[in-house]
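Structure provided below as structure tokens; questions to follow.
The values are calculated or read from the model by the stated rules, or taken from the named source; none is laboratory data. Every value quoted in this text rests on a predicted model; they were computed, and no experiment measured them. Please note: Cβ atoms are built from the backbone with ideal geometry, for glycine as well, and neighbour counts cover all protein chains shown.
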Amino acid sequence: MGRALELAARGPSRGANPRVGCVLLAPDGRVLGEGHHRGAGTAHAEVDALADAARAGTAAEELRGATAVVTLEPCSHTGRTPPCTAALLAAGVARVVVGAADPNPVAAGGTDVLRAAGVDVVTGVLAGRSSSLNRTWEHAVRHGRPFVTLKWASTLDGRVAAADGSSRWLTGTGARADVHARRATADAVLVGTGTALVDDPWLTTRSTGADGTVHLAADQPLRVVLGERDLPADARLRDDAAPTLQLRTRDVTAALADLARREVRHVWVEGGPTVAAAFLHAGAVDELVTYLAPAVLGAGAPAVGDLGITSVAGTLRFRLTDVTRLGGDVVLTSTPEKE
Ligand code: AOF
Ligand code: ZN
């Protein structure tokens, strides 16, 4: 299963589908085939491993009695591809060792199908590691809405811009590079029309080389603008570096439902204060990523707009899960306290 998890981790860290790995073993323990899933529309890990075994010249008889080790419960449905349970049964696999159960009700039930067909099934092996690999995907599938990360970069006194509106650059290059790396793991990057109009951001994932040349990642997250105001024709968000979607609503729940229909599993929300407050108010923040520069402004836009909280009793509390220094700045990761 450790090897199957390694294979799973080769899959894309974002997209509609989970990361899944599979190893096929002969009764004497020899590896007959290995596979992983490369994203929606491509072969599932089990089918990829069976194809690998076939390429290696494995005879059909060798697979009869083999063990398939899969990090996620084999699917029992016909989605973009046929069911993996059918492929495993057709190959004559005798034993299936499963990591995490599939939380997707459409695809789940594979272990029952296999058991009913007489296959020896073991479940829950290193299930936690498979789940952490697919943390945002599992959350999205369970809750029917994308996993939401709310990010901001502020001074120690919680300002994201100075009184004159200028906001570049509060944090250093290390923090900025970290933002780009983390954006790249999300399916969508979202801002409100306020930020889109004031900052004219690109919201792309890019890196800057030692010689100063900017490198745009090939596969960009969807750029999402929330709100009704129109963007000017020359807005950077209208360039062709990445697709952009404007959701003409102020309702966070409706926006997330729309994104869920587009199979967005993880949204990275970048502000500004109105959008941050709207997501927090809706109880729709699953993770906070906060970059803090050791600086003080004393005036200027706050990271989060008015939440209507007037007493300490109403404080929104989070649990700190990570603290990392990035150059002269610090990044804090926290998750909501469970009621
Ligand atoms: C597996 N093995 O490697 C993966 C599974 O419509 P599709 O074909 O893209 O199916 C997607 C669903 O199948 C996905 O939501 C999840 O429930 C399951 N993914 N299952 O047996 C795999 N990637
Ligand atoms: Zn499958």
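Is there a residue in the range 207-214 that is crowded, with 19+ Cβ neighbours inside 10 Å and touching a strand residue (DSSP E or B) at 6+ places or on another chain (Cβ under 9 Å)?
No, every residue in the range 207-214 fails to be crowded, with 19+ Cβ neighbours inside 10 Å and touching a strand residue (DSSP E or B) at 6+ places or on another chain (Cβ under 9 Å).
Sort through Leu133, Leu114, Leu126 and tell me the only one that's surrounded by fewer than 19 Cβ atoms within 10 Å (Cβ to Cβ), among the hydrophobic types (A, V, I, L, M, F, W, C) and either within 11 Å of ligand 1 (Cβ to nearest atom) or farther than 20 Å from Ala278 by Cβ (or both).
Within the list Leu133, Leu114, Leu126, the selection yields Leu126.
Restricting to the range 27-38, and then to whatever is among the small types (Gly, Ala, Ser) and modelled with pLDDT of 95 or more, can you tell me which residue is nearest to Pro74 (Cα to Cα)?
Gly35
All but one of (1) farther than 30 Å from Asn134 by Cα; (2) exposed (fewer than 15 other Cβ atoms within 10 Å of the Cβ) hold for Ala162; which doesn't?
Every listed condition holds for Ala162 apart from (2).
Starting from the range 8-34, take each residue that is farther than 17 Å from Leu50 by Cα and list its partners that are among the hydroxyl-bearing types (Ser, Thr, Tyr), counting only C-beta distances under 7 angstrom and pairs at least six apart or across chains.
Partner pairs satisfying both residue conditions: Ser13/Thr185; Arg14/Thr185.
Continuing with the same structure: So how many residues does the range 48-60 have that are surrounded by 14 or more Cβ atoms within 10 Å (Cβ to Cβ) and either assigned to a loop (DSSP other than H, G, I, E, B) or more than 8 Å from ligand 1 (Cβ to nearest atom) (or both)?
Selection size over the range 48-60: 7.
Which is at pLDDT 95 or above and aliphatic (A, V, I, L, M), of Val122, Val179?
Val122
Of everything in the range 16-34 that's farther than 27 Å from Arg262 by Cα and assigned to a strand (DSSP E or B), which residue is nearest to the chain's Cα centre (by Cα)?
Cys22
Next up: Can Ala59 be described as among the aliphatic types (A, V, I, L, M) and closer than 30 Å to Val285 by Cβ?
no
Does Val285 meet the test of being in a loop (DSSP other than H, G, I, E, B), out of contact with any Gly (no Cβ under 6 Å at 6 or more places or on another chain) and hydrophobic (A, V, I, L, M, F, W, C)?
Considered against the rule, which asks whether it is in a loop (DSSP other than H, G, I, E, B), out of contact with any Gly (no Cβ under 6 Å at 6 or more places or on another chain) and hydrophobic (A, V, I, L, M, F, W, C), Val285 comes out as yes.
Please specify each residue of the range 19-64 satisfying the condition of being of a type in the set (Gly, Ala, Ser) and within 25 Å of Ser132 (Cα to Cα).
Listed by number, the residues that qualify are Gly21, Gly33, Gly35, Gly39, Ala40, Gly41, Ala43, Ala45, Ala49.
Which of the residues belonging to the range 59-89 are more than 9 Å from ligand 2 (Cβ to nearest atom) and modelled with pLDDT under 95?
Ala59, Ala60, Glu61, Glu62, Leu63, Arg64, Gly65, Thr78, Arg80, listed by residue number.
Counting only residues that are of a type in the set (D, E, K, R) and within 14 Å of ligand 1 (Cβ to nearest atom), how many does the range 61-98 have?
2
Would you say Ala107 is modelled with pLDDT under 95 and either surrounded by 14 or more Cβ atoms within 10 Å (Cβ to Cβ) or more than 16 Å from ligand 2 (Cβ to nearest atom) (or both)?
It is true that Ala107 is modelled with pLDDT under 95 and either surrounded by 14 or more Cβ atoms within 10 Å (Cβ to Cβ) or more than 16 Å from ligand 2 (Cβ to nearest atom) (or both).
Within the range 305-315, identify whether any single residue is surrounded by 15 or more Cβ atoms within 10 Å (Cβ to Cβ) and not small (Gly, Ala, Ser), and answer yes or no.
Checked the range 305-315: no residue is surrounded by 15 or more Cβ atoms within 10 Å (Cβ to Cβ) and not small (Gly, Ala, Ser).
To continue, here is another question. Confirm whether Pro12 is buried (at least 22 other Cβ atoms within 10 Å of the Cβ), within 13 Å of ligand 1 (Cβ to nearest atom) and part of a loop (DSSP other than H, G, I, E, B).
no
Regarding the range 19-32, can at least one residue be identified that is surrounded by fewer than 24 Cβ atoms within 10 Å (Cβ to Cβ) and either within 16 Å of ligand 1 (Cβ to nearest atom) or among the hydroxyl-bearing types (Ser, Thr, Tyr) (or both)?
So far as the range 19-32 goes, no, none of its residues is surrounded by fewer than 24 Cβ atoms within 10 Å (Cβ to Cβ) and either within 16 Å of ligand 1 (Cβ to nearest atom) or among the hydroxyl-bearing types (Ser, Thr, Tyr) (or both).
Residues that are within 14 Å of Asn17 (Cα to Cα) and outside any loop (DSSP other than H, G, I, E, B): does the range 70-82 have at least one?
Yes, because at least one residue in the range 70-82 is within 14 Å of Asn17 (Cα to Cα) and outside any loop (DSSP other than H, G, I, E, B).
Name the residues in the range 83-99 that are β-branched (Val, Ile, Thr) and assigned to a loop (DSSP other than H, G, I, E, B), would you?
Val93
On the given criteria, is Val121 surrounded by 14 or more Cβ atoms within 10 Å (Cβ to Cβ) and within 22 Å of Arg95 (Cβ to Cβ)?
yes
Does the range 14-32 include one or more residues that are of a type in the set (Lys, Arg), over 17 Å from Gly109 (Cβ atoms) and within 14 Å of ligand 2 (Cβ to nearest atom)?
yes
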